[in-house]
Amino acid sequence: MLRMAMDSRLTSDLAPPTLYYAVGQGALAVEVRSSDSGARELCKSIAHRETLWKCSAERAMLRELEGGCSVPVGVHSSLVEGEDGVDILTLLGCVTSVDGAVHVQEVLKERVSSLLEAEKVGEKLAKALLQNGAGSILEGIKKLKETR
């Protein structure tokens with residue numbers, strides 16, 4: 001709507017905290033054979049570090065939650081350079097029950113200097129979500145799926 005100069009028609013901003021996006025939403029990916037070192041190197045040369053680190057953290061969170069595209073998991077991430085030159089990753093994750101009655105949300109803000117460290121933040125966030133009630137929400141969703 002903004003790009004089409006129709007923002008006057010908007011009545012609500014659907015950005016966080018009103019609405020969180022799905023893991024990796026809006027990011028583009030290229031899949032290549034693991035044995036194709038030339039294609040892997042080419043992809044490395046065009047990769048956008050900020051997007052890669054944020055998406056990897058988000059995906060690590062989802063992997064730890066054992067969720068997929070049909071699970072109500074939302075996320076919001078940012079990666080900014082700190083005053084000392086070290087990147088700061090802020091990762092917010094949430095899990096909501098199917099009926100919307102229960103919502104668990106956690107946020108982590110940590111300094112990261114590698115892709116692996118970004119993934120660890122995602123794993124850590126998932127564990128915090130599970131400890132604070134997301135596990136029972138996800139278990140309920142799993143049981144619901146089994147009955148269908």
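The values are calculated or read from the model by the stated rules, or taken from the named source; none is laboratory data. These figures come from a predicted structure and were not determined experimentally. Here the Cβ is made from the backbone with ideal geometry for all residues, glycine too, and neighbour counts use every protein chain on show.
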Of (1) over 18 Å from Pro16 (Cα atoms); (2) at pLDDT below 95; (3) of a type outside the set (Ser, Thr, Tyr), Ala118 satisfies all except one. Which?
(2)
Picking from Ala15, Ala27, which residue would you name as being in a loop (DSSP other than H, G, I, E, B), surrounded by 12 or more Cβ atoms within 10 Å (Cβ to Cβ) and of a type outside the set (Ser, Thr, Tyr)?
Ala27
Subset of the stretch 46-68, residues closer than 13 Å to Gly93 by Cβ, hydrophobic (A, V, I, L, M, F, W, C) and in contact with a strand residue (DSSP E or B) (Cβ under 8 Å, 6 or more places away or on another chain), comes to Ala57, Met61, Leu62, Leu65
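Residues are listed down the side, and each one gets a yes or a no for (1) at pLDDT 95 or above; (2) surrounded by fewer than 16 Cβ atoms within 10 Å (Cβ to Cβ); (3) more than 18 Å from Val23 (Cβ to Cβ):
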residue: Gly93; (1), (2), (3): yes, no, no
residue: Gly100; (1), (2), (3): no, yes, yes
residue: Lys124; (1), (2), (3): yes, no, no
residue: Ile137; (1), (2), (3): no, no, no
Tell me which residues, restricted to the stretch 90-107, are closer than 12 Å to Ala134 by Cα and assigned to a strand (DSSP E or B).
Gly93, Cys94, Val95, Thr96, His103, Val104, Gln105, Glu106
Here's a check for you: in the stretch 69-83, which residue that is in a loop (DSSP other than H, G, I, E, B) and of a type outside the set (Val, Ile, Thr) is nearest to Cys94 (Cα to Cα)?
Pro72
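If you take the residues of the stretch 47-73 that are of a type in the set (Ser, Thr, Tyr) and at pLDDT below 95, which of them is surrounded by the most Cβ atoms within 10 Å (Cβ to Cβ)?
Our first condition is that a residue be of a type in the set (Ser, Thr, Tyr); within the stretch 47-73, this holds for 51, 56, 70.
This time we only want the ones that are at pLDDT below 95, so: 51, 70.
Working: Thr51: 16, Ser70: 8.
Across the stretch 47-73, the extreme among qualifying residues is Thr51.
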Criterion violated by Glu119 - all others in (1) charged (D, E, K, R); (2) assigned to a strand (DSSP E or B); (3) in contact with a helix residue (DSSP H, G or I) (Cβ under 6 Å, 6 or more places away or on another chain) satisfied
(2)
From the list Ser37, Ser78, which residue is within 19 Å of Pro17 (Cβ to Cβ) and among the hydroxyl-bearing types (Ser, Thr, Tyr)?
Ser78
